[in-house]
Amino acid sequence: MAKSPDIRIKTSGELVILREAGKILAGIFDSMKSFVKVGVTTAEIDQVIESLIMKNKVGAAFKGYRGFPACACISVNEEVIHGIPGKRLIKDGDIVGVDIGIVYQDYYSDMAMTLGVGSVESGHQKLLDVTRQGLMRGISEARPGNRLGDISHAVQSYVESKGFSIVRDFVGHGIGRQLHEDPEIPNYGAPKQGPLLKAGMVFAIEPMVNMGTARTKVLSDGWTAVTVDKKPSAHFEHTVAITESGPVILTEK
Ligand code: MG
């Protein structure tokens, strides 16, 4: 059996910093969205994000992380996560996943959303809506007395009931003084299983949902994960605190 995870409980002071970090990150998303449009490259979107990170005087958590070369992961259509910003041009109807991590007063915040550009096919729009809603279903289970599997199961059961598939190859994570802390948070699993959830835990919950097969592969750049059937994929993420009164989404304004 695997070693039980070391899930750090944050103090109220740490939660104040994490809430501030989350507000800043949500603000960066608000300011960035209008730049995700037809005719720009993913590298240009990353430049906008880098300038917003600098303007807010926070650190770019992803840049240099295991050698990742940019501030954001930008993953278009069949790209699931970890897309490296580059020359890819955004086209009408694309769905564009943007994942940003920041560090503020030595604490990390992590958030992602997938944006539809121009006239998005209805099936692709449904993929976005179901992924966002799947995240919210998972977040609603992030409360003391539940177990980690309750979050995982809520995401999986909702997404699969809508006819989409849950990526297994990548998972969410605890977050705080480190970008990735224990536990791993799968978006699939059985209810009432796994570690007991307690107030003070902070999780980055991040379902990745595919139109077709759940299977993914990593491209030769060593980062970009794509669907093996090249069908589209969506990704939404919030950093969430578990409190006595239930889940609190930190990455919103
Ligand atoms: Mg994350």
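Assessment of the range 225-244 against the conditions (away from the ligand (no atom under 14 Å from the Cβ) and aromatic (Phe, Trp, Tyr)) yields no matching residue. For the range 1-39, a residue qualifies if it is open to solvent by 20 Å² or more (accessible area, probe 1.4 Å) and closer than 30 Å to residue 119 by Cβ, and the qualifying residues are 30, 31, 33, 34, 35, 37, 38, 39. Cβ-Cβ contacts under 9 Å between residues 6 or more apart (or on different chains), taken from a first residue in the range 226-252 that is over 11 Å from residue 78 (Cα atoms) and without any contact (Cβ under 8 Å) to a residue 12 or more places away in the chain to a second residue that is more than 15 Å from the ligand (Cβ to nearest atom) and open to solvent by less than 50 Å² (accessible area, probe 1.4 Å), are listed as 245/199. Residues that are under 14 Å from residue 240 (Cα atoms), in a helix (DSSP H, G or I) and out of contact with any strand residue (DSSP E or B) (no Cβ under 7 Å at 6 or more places or on another chain) within the range 121-151 comprise 136, 137, listed in sequence order. Scanning the range 75-97 for residues that are under 10 Å from residue 234 (Cα atoms) and part of a strand (DSSP E or B) yields 75, 76, 79, 80, 81, 95, 96, 97. Residue check: residue 51 meets all listed conditions (1) under 18 Å from the mean Cα position of the chain (by Cα); (2) more than 30 Å from residue 201 (Cβ to Cβ); (3) of a type outside the set (A, V, I, L, M) but one, namely (1).
In the condition set (1) open to solvent by less than 10 Å² (accessible area, probe 1.4 Å); (2) in contact with a Phe, Trp or Tyr (Cβ under 9 Å, 6 or more places away or on another chain), residue 96 is compliant with all but (2).
The values are calculated or read from the model by the stated rules, or taken from the named source; none is laboratory data. Not measured: the values here are computed from a predicted model. Every residue, glycine among them, receives a Cβ derived from its backbone with ideal geometry; neighbour counts consider all protein chains shown. For accessibility, only protein heavy atoms count, side chains too; no ligands or nucleic acids. Shrake-Rupley method; radii C 1.70, N 1.55, O 1.52, S 1.80 Å.
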